[in-house]
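Novice: Quick one: structure below, then a few questions.
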Amino acid sequence: MSRPDPGLAHGWCALSALHSRIEAEIERALQARHDLSVREFSVIEVLSDQHDGPRGHYRMNELADAVVLSQSATTRLVSRLEDRGLLTRYLCPDDRRGIYTDVTEAGHTLLEAARPTHD
């Protein structure tokens, strides 16, 4: 049995290391300039794209999928951002079991200030 080409594995390792270095640099810059983590920025950014049309708002499990976190980690993160006044939660008008999260004016302001740093 022949061994697979190690080039693919080496390429994947190099790509993964580069991604980690870039994310760490973005994390340091966001923390220093805006007191935001990459994950916090991602949550606010995803939620800022919501709209009032069909499927326009994220439920917590959909948000977790969009930012690649567990549902419990996403809930804790949203709670921290809500405590900072950057997000607000409210009941879904069509399904009282559902909870939506919106970005506050302060959250939009911070997002716009942090976007050039992130980008």
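The values are calculated or read from the model by the stated rules, or taken from the named source; none is laboratory data. All values reported here derive from a predicted model rather than from experimental measurement. Positions of Cβ are backbone-derived with ideal geometry, glycine not excepted, and every protein chain shown enters the neighbour counts. We work out accessible area using only protein heavy atoms, side chains counted, and drop any ligands, DNA or RNA first. Shrake-Rupley method; radii C 1.70, N 1.55, O 1.52, S 1.80 Å.
Novice: Report, in cubic angstrom per residue, the convex hull volume of the C-alpha atoms of the range 64-119.
Specialist: For the range 64-119, the hull spanned by Cα atoms encloses 105 Å³ per residue.
Novice: Still on this structure, I have one more. Computed FRET efficiency, Cβ-Cβ of C92 and R33, R0 25 Å: what is it to the nearest 0.05? The partial results should precede the final answer.
Specialist: Values: r = 35 Å, r/R0 = 1.39.
In this case the efficiency is close to 0.10.
Novice: Something else now. Given the options A17, A66, A32, state which has the largest fluctuation in a GNM of the chain using a 10 Å cut-off (strictly under) for Cα springs.
Specialist: A17
Novice: Here are a few candidate values for percent of Cα pairs over 25 Å apart: (1) 34; (2) 11; (3) 42. Which one was actually calculated from the structure I just gave you?
Specialist: Matching the structure shown: (1).
Novice: Now for a separate question. So, with a 1.4 angstrom probe, what is the percent of accessible area on the chain that is carbon and sulfur? Mind dumping the intermediate values first?
Specialist: Values: 4240 of 7840 Å².
Taking all protein chains in place, the chain shows 54 percent carbon and sulfur surface.
Novice: Ordered by residue, what ³J(HN,Hα) values in Hz, to whole numbers, does the range 75-87 give under the Karplus form 6.51 cos²θ - 1.76 cosθ + 1.60, where θ = phi - 60° and Gly and Pro are x?
Specialist: 4, 5, 5, 4, 4, 4, 5, 5, 4, 7, x, 9, 9
Novice: Only Cα pairs under 8 Å and at least 6 apart count here; give the relative contact order of the chain as a rounded whole percent.
Specialist: This gives 25 percent for the chain.
Novice: Ok, one more. In terms of modelled amide H atoms, which long-range or inter-chain residues lie less than 5 Å from the amide H of T104?
Specialist: L87, T88
Novice: May I pose another question? In the range 1-81, what trypsin sites (Lys or Arg not before Pro) fall in a loop by DSSP, with at most 11 other Cβ atoms inside 10 Å? Let's see the in-between values first.
Specialist: On the way: sites: R21, R28, R33, R39, R55, R59, R76, R80; in loops: R55, R59.
In loop regions of the range 1-81 (DSSP not H, G, I, E or B), the sparsely surrounded trypsin sites (Lys or Arg not before Pro) are R55.
Novice: To the nearest 10 square angstrom, what accessible area does I26 show with a 1.4 Å probe?
Specialist: 40 Å²
Novice: Now for a different question. Using a 1.4 angstrom probe with every protein chain in place, what is the largest-first accessible-area order of H57, H51?
Specialist: Highest to lowest solvent-accessible surface, that is H51, H57.
Novice: Using each residue's phi in the range 99-104, evaluate 6.51 cos²θ - 1.76 cosθ + 1.60 at θ = phi - 60° and report the 3J(HN,Hα) Karplus result to the nearest Hz, with x for Gly and Pro.
Specialist: For the range 99-104, the Karplus-derived couplings read 10, 9, 10, 10, 7, 7 Hz, x marking Gly and Pro.
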